[in-house]
1. Considering the range 76-85 alone, what residues qualify as being open to solvent by 20 Å² or more (accessible area, probe 1.4 Å), in a strand (DSSP E or B) and not β-branched (Val, Ile, Thr)?
2. Looking at Leu88, Leu97, which one is modelled with pLDDT of 95 or more, surrounded by 14 or more Cβ atoms within 10 Å (Cβ to Cβ) and touching a helix residue (DSSP H, G or I) at 6+ places or on another chain (Cβ under 7 Å)?
3. So Ser56 ticks every box in (1) at pLDDT 95 or above; (2) open to solvent by less than 70 Å² (accessible area, probe 1.4 Å); (3) of a type outside the set (Val, Ile, Thr); (4) under 15 Å from Arg104 (Cβ atoms) but one. Which box is left unticked?
4. Return only the number of the condition from (1) open to solvent by 30 Å² or more (accessible area, probe 1.4 Å); (2) over 23 Å from Gly34 (Cβ atoms); (3) part of a loop (DSSP other than H, G, I, E, B); (4) not hydrophobic (A, V, I, L, M, F, W, C) that Gly63 does not satisfy.
5. Has the range 68-82 got any residue that is at pLDDT below 95 and of a type in the set (Phe, Trp, Tyr)?
6. Working only within the range 66-75, note down all residues that are farther than 17 Å from Met91 by Cβ and open to solvent by less than 40 Å² (accessible area, probe 1.4 Å).
7. Which residues, counting only those in the range 1-43, are of a type outside the set (S, T, N, Q), modelled with pLDDT of 95 or more and open to solvent by 60 Å² or more (accessible area, probe 1.4 Å)?
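The values are calculated or read from the model by the stated rules, or taken from the named source; none is laboratory data. No experiment lies behind these values; they were computed from the predicted model shown. Cβ: placed from backbone, ideal geometry, glycine included. Neighbour counts: every protein chain shown. Side chains are part of the model used for accessible areas, which takes the heavy atoms of the whole protein and leaves out ligands, DNA and RNA. Shrake-Rupley method; radii C 1.70, N 1.55, O 1.52, S 1.80 Å.
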Amino acid sequence: MNTLHRSTLALATALLALPAWAQITFYENDDYRGRAFSTSRPVTNFSRLGFNDRASSVIVQGGRWEVCEGANFTGPCMVLRPGNYPSLRVMGLNDRLSSTRSAR
């Protein structure tokens with residue numbers, strides 16, 4: 001196998017091994033206003049980011065995310081599908097979230 005074919009095969013293998021891109025963005029206020037933070041990795045405790053019990057709206061991109069009221073994915077949890085959530089109040093989650101992770 002020549003070098004070009006080996007390189008192409010290695011690149012294709014690496015790309016297939018990557019997880020599907022998923023991201024979630026939390027906003028401090030309704031309608032995506034105020035401070036925000038985004039992640040594509042699990043966050044076990046929003047306190048470390050100064051965001052514990054502060055999220056009021058969310059945008060989910062490219063995957064489903066589990067959001068939990070307690071740190072370390074404890075307490076009541078809910079799975080959010082891709083989409084825009086301008087107010088967490090209607091779901092009873094306003095200013096209550098403490099952790100999140102991908103829910104593949």
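1. Here is the first cut: in the range 76-85, the residues open to solvent by 20 Å² or more (accessible area, probe 1.4 Å) are 76-79, 81-85.
With the extra rule that they be in a strand (DSSP E or B), the set shrinks to 76-79, 83-85.
Across the range 76-85, the qualifying residues are Pro76, Cys77, Met78, Gly83, Asn84, Tyr85.
2. Details: Leu88 fails: touching a helix residue (DSSP H, G or I) at 6+ places or on another chain (Cβ under 7 Å).
After ruling out the rest, the residue left standing is Leu97.
3. (4)
4. Only one criterion in (1) open to solvent by 30 Å² or more (accessible area, probe 1.4 Å); (2) over 23 Å from Gly34 (Cβ atoms); (3) part of a loop (DSSP other than H, G, I, E, B); (4) not hydrophobic (A, V, I, L, M, F, W, C) is unmet by Gly63, namely (1).
5. No, the range 68-82 has no match at all.
6. Ala71
7. Listed by number, the residues that qualify are Asp31, Tyr32, Arg33, Arg35, Arg41, Pro42.
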